[in-house]
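Report on one structure; see the data block that follows.
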Amino acid sequence: MAPGISYDDSGSLASYFGVTFMAIVLVPWTLTAVKSKGKATVKSSKRKRRALKKWVPLLLAWTLFGYLCYNLSNAPRLEGGTVYNPFEILGISDSSSEKQIKKHYKKLSLQFHPDKIKLADNQTKEEADSKFVELTKAYKALTDEVTRENLAKYGNPDGPQQREDKIAIPQWVVEGKNNIWVLGAYGLVLGGGIPWIVGRWWFAQRRLTRDGILNPTAEVFFHQLRDDTDFISLISLIASALEFTAVLGGKKRGSKKARKERQAKIDDLEKVLDARKAEVGVEESPIMKKESRVNVTSAVAKRARALLWAHLLRVDLNDPELEADKLSVLRVTPLLLNALLNISLSHNWLNTTLLCIRLQPALVQALPADVSPLAQFPDITPEKGTEMQIVNKADGVRWLEKWIKADIKDVDEAQEIAKYWPRLEIVDAEFRVAGEKLVTPSSIVELTYKCRYVYPTTPISLLSKPRPLLPNGDINEEPEDGTAGDVAEAADQAEGEKEKPAVKDKGGEDKQSRKVEVPPNGYAHAPYWPQLRKPHFYVLLGDSKLDKVIVPPIKITDIPLPRPDGLPSEPKEFTLQFQAPPQPNLYSFVAHWRSDTYLGADVQVPIMLKVEELSAETLSDDDDDISEPDEDTLAGQMAMMRGGKVKPSGVHGGDDEEDDESDTDGEGAYESSSDEEGPKRVRAYNEDSDTDSD
C-alpha cells in the first residue's frame, strides 16, 4: 500500500458509496413500479406471478438500503472528519477575551494537571496525561503566535500533518484468507453478469430495425405496402403493427364476459365510424387493385384501427379507457410512419411516399387527408369547411388568404387563429454546379432554394412570388397585374393600407385596433395531438409521369418565422444535393415541399433541368483563357517576342471583343448568365406555381 493511503476498516466509506448508488437506482425504479401498479389491476394468477417477480427484488433492494443506512448511523467517526476547535476543547465561548481564556485555563490546569489529578475508577494515567496535553495545545492555539498561525494555515496547532486517504473498500476484502471468495465474486460478475447484460441488450436490438420498429412489423409493412395503396388501406396497415400488442394486448385478457364487452364497444364504434366516413366522403380509391387492399384480422389490430379512425374523424368516445388507449396508440405512430416512408422510398414510389407524408399532418390535425383544410380551425367541421371554400372560392395555393379576405361571420376564433397561420413561401429556386458553367451528365447538382414562413394577412408576401420564365429561359421583366414590381412598391402598398380609414364593426370597434395574441413561436396549433408539435417540411424531387422519387426527401426545420410586426423575415437558403442524370437531355421534375404538421400547406413547383455535354469550343475557350497571357502584361510581351498568341488589350482589341460578345448573345439563350464568372446558375422554375390571383 502506498504511503498516505489506507483501507477503511470501519466500512463506513463503502456504506456511503452503496447508499448513494442505490438511492439513484431505487427512486426511479420505485416510481415506475408504483405508476404501473395504478394502471392495471391484477386479476389472473399469471399477473400475480409477474407482480411478485417485480416487487420481490424491489423489496429486497430497499431492505439492503435500510441495512446500509443502519450501518452508517452506528459507524465510528473517521479521523480528520471534524474541525479542530480550541474553544470547544476548553469549554468556553468563541467571544471570550484573552484574559478570560488564561483564567479559565489556569482553573483547568489545576484540575487536570497530572501531579494533582485524582484518577477515577475507570481512568488510566495515560488518559489523564493526554487530556492535559489536549488542553495545553488548545490554550496555546489561542494565545501563542506560532501555534495560532499553524492553526490558521493548516487547521492544526502542530503544523502540517501527513494526509491519509482511505479507500472505500474494507480491509477484510483484500485479506489473504478471503481471496477465494473475492475472486469468486469477481468471476461471477465479470464472467456471468456482464455477458448476460450485453447479451440481453444485443438480442433486444436484433428484434428492432434501424427505424426502431419490430422486425415482424417491418416484414408486414414490406409485403403489404403497394404503389397503389390508398389512405384507408394505409390506416389498416399501420393498425397491423405488432407494437400495438404491447399497448393493447392486455385488453384481450381477463374474463370472457369482459372480453365480450370490450369487443361489443369496438363493434358499435365501427358502425359509428362507417356512418361518419360516409358523411365526410372518405372512400376507397377506385384505381386501387383488389389484391392491394389491406385487411386486419386480429382483435388488437381491429381495436387499433378503430381508435385511429375515431381520432381522424374526431368521434367522441365517451369512455375513459378508450380515450387512454387512443392516446397510447397515437404515441406509437411516429416510428411506424417513418418506417413506412422508408419502405416506400426503397421502391422509389412517388405517390405512396407522398401519401405516407400526408398521413402525418392528418394524424396531427385529427382529419382525413382529403377534407377541407379549414377544418383545422375551431368551430369548423369538414362539411362546413368544404361549403365555405366553395361559396367564397377559397381554393388554390392561397386558399387561406381568400378565406380571411371574405371576413365570414360566426367564426371569430377561427379567423383570429388563421391570421397567424404560417404559410411556406418559396422565394427562389435554381440549380447550381460548383465550378462549372453547365450541368453536365453525372455531375453533382445542388437545387438551391430560399424559403420562409409568412402570414396570410401580410401584403408583402406577394412580393416574393416567382416570376414566370419565357420558353427560352429568359425572365419576364413585366410584373403581373395587381402584383408589386419591387420591394419599394410593396412597402408603399403596405403603408397605404395602414393609412386607409379604419373600418368599424357593428359595435363601433375599430377592426385594425384589435390586438391578437400570437401563439408561441415554433409550436403548431394542434389541439388533438397528445404533445407539443413543431412544424417541419419534407423536400424531395419526383417524376410524376413515371411515379418515381428522383431525390429522397430531407427534412428542413429552422425555417424563419415572420417578425413580431407580422412582416416576413429574410428568407433562408437551403440546398438539396443530388447527382445529375447520366444522359444529356431536358428533364421535367416536380419539387415537393410537404408539411408534416399542417394540411393544405404543401407546395409543389414544376422545374426543368437541362443536362448537356461540354462542347469542344467551350473546352478550347477554357484552354485559351488559361494559356494565353494578356498583351499588356510582362508575360504577354515575352510571348509576343517568341511569336506566341496573346490576348489583345482592352485599348486595341475592344471592337473585336464587342463583336464576339454580340455573336454569342444569340447562341446560348437558355444560359442567361453564362458569361459571368463563377458557377452557372440556371433558373429552376418552369412555370409559376402560384398562378391563382387574389
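FYI, it's all coordinate maths here, none of it is from the lab. Just so it is clear, the model here is predicted, and its values are computed rather than measured. A quick note on method: Cβ atoms are made from the backbone with ideal geometry, for glycine too, and the neighbour counts reach across all protein chains shown.
For this structure, a couple of remarks:
- LEU634-LEU64 pseudo-label distance in nm [points 7 Å out on the Cα-to-Cβ vector]: 8.4
- Pairs beyond 19 Å (Cα-Cα), from LYS35/LYS302; LYS548/LYS572; LYS103/LYS137: LYS35/LYS302; LYS548/LYS572
- Segment THR143-LYS118, length gained on full extension (0.36 nm per residue, minus Cα span): 6.2 nm
- Loop-located trypsin sites (Lys or Arg not before Pro) in the range 189-266 (DSSP state not H, G, I, E or B) with no more than 10 neighbouring Cβ atoms inside 10 Å: ARG207, ARG210.
- Placing a label point 7 Å from the Cα of SER443 along the Cα-to-Cβ line, the residues of the range 553-597 whose backbone N sits under 11 Å from it are 580.
- Extended-chain gain in nm, criterion 0.36 nm per residue less alpha-carbon gap, SER346 and LYS610: 92.4 nm
- Estimated FRET transfer efficiency when R0 is 35 angstrom, pair ARG206-LYS35 (beta carbons, to 0.05): 0.75
- Built amide H within the under 5 Å cut-off of SER443, gap 5+: ALA580
- Euclidean distance between Cα centres, the range 212-291 to the range 97-137, Å: 90
- Taking amide hydrogens as placed 1.01 Å from N in the peptide plane, the amide H of ILE607 sits under 5 Å from those of PHE589, VAL590, ALA591, ASN686, each at least 5 positions away in sequence or on another chain.
- Separation of the alpha carbons by more than 23 angstrom is noted, of LYS610/LYS647; LYS265/LYS384; LYS106/LYS140, for LYS610/LYS647; LYS265/LYS384.
- Rounded to the nearest 20 debye, the dipole magnitude of the range 86-154 is 320 debye, with +1 charges on Lys and Arg beta carbons, -1 on Asp and Glu beta carbons, and the Cα centre as origin.
- Förster radius 22 Å - calculated FRET efficiency between GLN531 and ASP274 (Cβ-Cβ, nearest 0.05): 0.15
- Placing pseudo-labels 7 Å out from each Cα toward the beta carbon at GLU436 and LYS256 gives an inter-label distance of 7.3 nm.
- J(HN,Hα) series, the range 205-218, from Karplus relation 6.51 cos²θ - 1.76 cosθ + 1.60, nearest Hz, glycine and proline x: 5, 5, 6, 10, 8, 5, 7, x, 10, 5, 4, x, 5, 4
- Spin-label model distance (nm) - LYS103 vs GLU134, 7 Å beyond Cα toward Cβ: 2.6
- Length gained when the stretch THR297-GLU127 is fully extended (0.36 nm per residue, less Cα-Cα span): 52.4 nm
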